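Engineer: Before we start, here is the structure in question, set down as structure tokens.
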């Protein structure tokens with residue numbers, strides 16, 4: 001427990017080493033101390049309970065250090081005697097909004113291949129999010145390191161990367177990727193298509209999802225998700241985000257049993273850095289999250305649960321196994 005807990009929200013608590021240690025392996029004495037502190041500061045209870053749920057869903061490979069209960073209680077007592085300081089929370093990187101349907105470039109070759117009338121193309125760099133309005137007034141949020149192209153109507157889309165769509169009603173709306181396709185009439189959904197992973201989550205309405213190896217596909221309704229399996233067909237899977245909010249739209253990047261290679265690749269896109277990691281570490285499976293508040297915080301949120309250390313050298317990040325006691 002720390003005095004600054006009085007200023008923490010749920011995400012900050014869930015990223016704190018001492019808090020994680022208590023949730024995962026807290027002693028009865030530590031739990032009693034926490035309850036006493038919450039009785040003293042009941043306004044913090046909702047944040048603590050939410051943080052506990054977040055930590056409980058994370059996977060860990062750590063050794064719990066010995067904790068001095070007397071010292072912990074002493075820190076709680078000290079915290080009780082102090083008035084919480086008002087700490088300004090750094091604003092997260094805001095999406096850059098683009099008015100209308102201004103196109104970044106003309107994707108002539110792409111649309112000749114697919115038989116579509118060329119219109120617009122939008123590309124996001126690493127470390128950049130964009131909000132874009134299509135010609136039909138559908139809204140799309142485009143994640144970092146992605147490319148979105150569309151025809152004159154704005155309802156025939158080609159996507160490389162990840163984007164969230166809020167579609168106006170109409171005859172049809174289709175998002176095509178190298179790995180699969182999504183068709184809708186009017187709905188909200190997220191599409192992730194990078195390398196060999198294709199994942200779709202529906203948050204409102206209905207979508208029809210197909211893949212080259214699964215022409216029949218499946219229909220998703222609000223709260224459902226599907227993913228392309230190794231056989232090239234689609235499976236329904238639990239959604240990464242458990243409610244109607246897509247995490248990355250709020251600068252939270254959640255993962256369920258994903259290899260660290262994929263997670264570090266997302267971190268590279270969000271912070272425009274290069275991560276150096278061994279094949280052994282890259283293949284480890286992780287459940288957890290990171291936030292886009294800062295590179296240091298994101299690295300800690302991923303590395304600490306996996307007993308990894310990191311070193312930041314400009315835009316180069318080196319990840320190693322943590323051999324410290």
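Engineer: Taking residue 280, is it on the phi > 0 side of the Ramachandran plot, modelled with pLDDT of 90 or more and outside the structural domain of residue 180 (by TED's automatic domain parsing)?
Structural biologist: Values: on the phi > 0 side of the Ramachandran plot: no; modelled with pLDDT of 90 or more: yes; outside the structural domain of residue 180 (by TED's automatic domain parsing): yes.
When the stated conditions are applied, residue 280 does not pass them.
Engineer: Right, here's the next one. List the number of the failed condition for residue 146; all other conditions in (1) farther than 28 Å from residue 271 by Cα; (2) buried (at least 19 other Cβ atoms within 10 Å of the Cβ) hold.
Structural biologist: With respect to (1) farther than 28 Å from residue 271 by Cα; (2) buried (at least 19 other Cβ atoms within 10 Å of the Cβ), residue 146 is out only on (1).
Engineer: Moving on. Just to confirm my filter: which strands (runs of 3 or more DSSP E) fall fully inside region 224-278 and include at least 2 residues that are closer than 15 Å to residue 198 by Cβ and in contact (Cβ under 8 Å) with a residue 12 or more places away in the chain? Before you say what the answer is, go through the steps one by one.
Structural biologist: Values: elements: 225-228, 234-237, 252-259, 274-276.
Filter on region 224-278 gives 225-228, 234-237.
Engineer: Select from region 156-176 the residues that are surrounded by fewer than 21 Cβ atoms within 10 Å (Cβ to Cβ) and part of a loop (DSSP other than H, G, I, E, B) and write down the one among them that is modelled with the highest pLDDT.
Structural biologist: To start, the set of residues in region 156-176 that are surrounded by fewer than 21 Cβ atoms within 10 Å (Cβ to Cβ) comprises 156, 160-161, 164, 166, 168-172, 174, 176.
With part of a loop (DSSP other than H, G, I, E, B) added as a condition, the list becomes 168-172.
Numbers: 168: 91, 169: 86, 170: 82, 171: 76, 172: 87.
Applying the filter and picking the extreme gives 168.
Engineer: I'd like the full set of residues that are surrounded by fewer than 15 Cβ atoms within 10 Å (Cβ to Cβ), in contact with a strand residue (DSSP E or B) (Cβ under 6 Å, 6 or more places away or on another chain) and under 20 Å from residue 263 (Cα atoms), limited to region 219-235.
Structural biologist: Passing the criteria: only 229.
Engineer: Of the numbered conditions (1) under 26 Å from residue 234 (Cα atoms); (2) in contact with a helix residue (DSSP H, G or I) (Cβ under 6 Å, 6 or more places away or on another chain), residue 126 fails exactly one; give the number of that condition.
Structural biologist: (1)
Engineer: Could you grab me the full set of residues in region 236-246 that are in contact with a strand residue (DSSP E or B) (Cβ under 6 Å, 6 or more places away or on another chain) and surrounded by fewer than 18 Cβ atoms within 10 Å (Cβ to Cβ)?
Structural biologist: 236, 237, 244, listed by residue number.
Engineer: Is it true that residue 260 is buried (at least 16 other Cβ atoms within 10 Å of the Cβ), over 20 Å from residue 56 (Cα atoms), in the same structural domain as residue 291 (by TED's automatic domain parsing) and touching a helix residue (DSSP H, G or I) at 6+ places or on another chain (Cβ under 8 Å)? Show your work before the answer.
Structural biologist: Numbers: buried (at least 16 other Cβ atoms within 10 Å of the Cβ): yes; over 20 Å from residue 56 (Cα atoms): no; in the same structural domain as residue 291 (by TED's automatic domain parsing): yes; touching a helix residue (DSSP H, G or I) at 6+ places or on another chain (Cβ under 8 Å): yes.
No: the conditions fail for residue 260.
Engineer: Looking at (1) at pLDDT 95 or above; (2) part of a helix (DSSP H, G or I); (3) more than 29 Å from residue 178 (Cβ to Cβ), which is the only condition residue 296 fails?
Structural biologist: Of the numbered conditions (1) at pLDDT 95 or above; (2) part of a helix (DSSP H, G or I); (3) more than 29 Å from residue 178 (Cβ to Cβ), the odd one out for residue 296 is (1).
Engineer: Can you tell which of 305, 238 is farther than 24 Å from residue 12 by Cα and at pLDDT below 95? I'd like the intermediate steps shown before the answer.
Structural biologist: Details: 305 fails: farther than 24 Å from residue 12 by Cα.
Exactly one of 305, 238 is farther than 24 Å from residue 12 by Cα and at pLDDT below 95, namely 238.
Engineer: Go through (1) surrounded by 15 or more Cβ atoms within 10 Å (Cβ to Cβ); (2) at pLDDT below 95 for residue 270 and report which single condition fails.
Structural biologist: The single condition residue 270 does not satisfy is (2).
Engineer: Can you tell me which of 272, 251 is on the phi > 0 side of the Ramachandran plot and touching a strand residue (DSSP E or B) at 6+ places or on another chain (Cβ under 8 Å)?
Structural biologist: Details: 272 fails: touching a strand residue (DSSP E or B) at 6+ places or on another chain (Cβ under 8 Å).
Testing whether each residue is on the phi > 0 side of the Ramachandran plot and touching a strand residue (DSSP E or B) at 6+ places or on another chain (Cβ under 8 Å) leaves just 251.
Engineer: Here's another thing I want to ask about it. Which one is modelled with the highest pLDDT among residues in region 121-140 that are crowded, with 20+ Cβ neighbours inside 10 Å and closer than 18 Å to residue 168 by Cα?
Structural biologist: Looking at residues that are crowded, with 20+ Cβ neighbours inside 10 Å and closer than 18 Å to residue 168 by Cα, I get 140.
The values are calculated or read from the model by the stated rules, or taken from the named source; none is laboratory data. Keep in mind that what you see is a predicted model, and the values were worked out from it rather than measured. Don't worry about glycine lacking a Cβ; one is built from the backbone with ideal geometry, like all the others, and counts go over all protein chains shown.
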